[in-house]
Ligand SMILES: [Zn+2]
């Protein structure tokens, strides 16, 4: 239990820090949630949305899954998107993949991963639709990077084509890739603002 106790201790220290800096911090956060962004990213523990964008609680509505897959039949993601657009009135949707993604690597291998195969099949589909994009890419690393990018581009296109965004065209959809090696975000697709 040592490791769990540490989490509760750290939580107390964090809450005390925030309150020391601004006595009303938690009270103000409790009143209203007005994020400008919906972040759709990978569950990978090395890509925490708030931390890498230097944003605070309240600034970003977050959905994460293995390999930031966008599937318009995913009731979880679709509910998050609808809530973010219609109730939170977010202005930007960010689909963020990352180089070194284990989910992408698994999808690109021929191995079987049990139940996860159903999830990874969405990435395999994107691969099948873009086979020619891999021409001339000789290393595995280059192929995986390309797949990370294509998965983000496919996600952006799916969101742009969704009924929800078609009827809310003021929302800008962005496709980004995060590089684990230097902590930098790169624009890959979608809006530039
Ligand atoms: Zn990942």
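Laboratory data are not the source of any read-out in this text; all were calculated from the coordinates shown. Just so we're clear, the structure is a prediction, and the values are computed from it rather than from any experiment. Cβ coordinates were reconstructed from backbone atoms using ideal geometry, including for glycine residues, and neighbour counts include every protein chain displayed.
Here are a few things to note about the model shown:
- Degrees between helix 75-86 axis and first principal axis of the chain (Cα, 0 to 90, nearest 10): 60
- The range 1-52 versus the range 65-127: alpha-carbon centroid distance in Å: 24
- With only the Cα atoms considered, the range 32-190 has a convex hull volume of 115 Å³ per residue.
- When each of the peptides 92-102, 31-41, 74-84 is scored by how many other beta carbons lie within 10 Å of its residues on average, the order from highest to lowest is 92-102, 31-41, 74-84.
- 222 nm mean residue ellipticity, helices alone, for the chain (DSSP H n ≥ 4; -39,500 (n - 2.57); rounded to 500): -14500 deg cm²/dmol
- Per-residue Cβ neighbour rank within 10 angstrom, fewest leading, 116, 147, 21: 21, 116, 147
- Angle in degrees between helix 2-21 and the longest Cα principal axis of the chain, rounded to the nearest 10: 60
- Nearest-ten-degree value, helix 116-129 long axis tilted from longest Cα axis of the chain: 50
- Neighbour counts of C-beta atoms inside 10 Å place 25, 178, 87, 127 in the sequence 87, 25, 127, 178, starting with the fewest.
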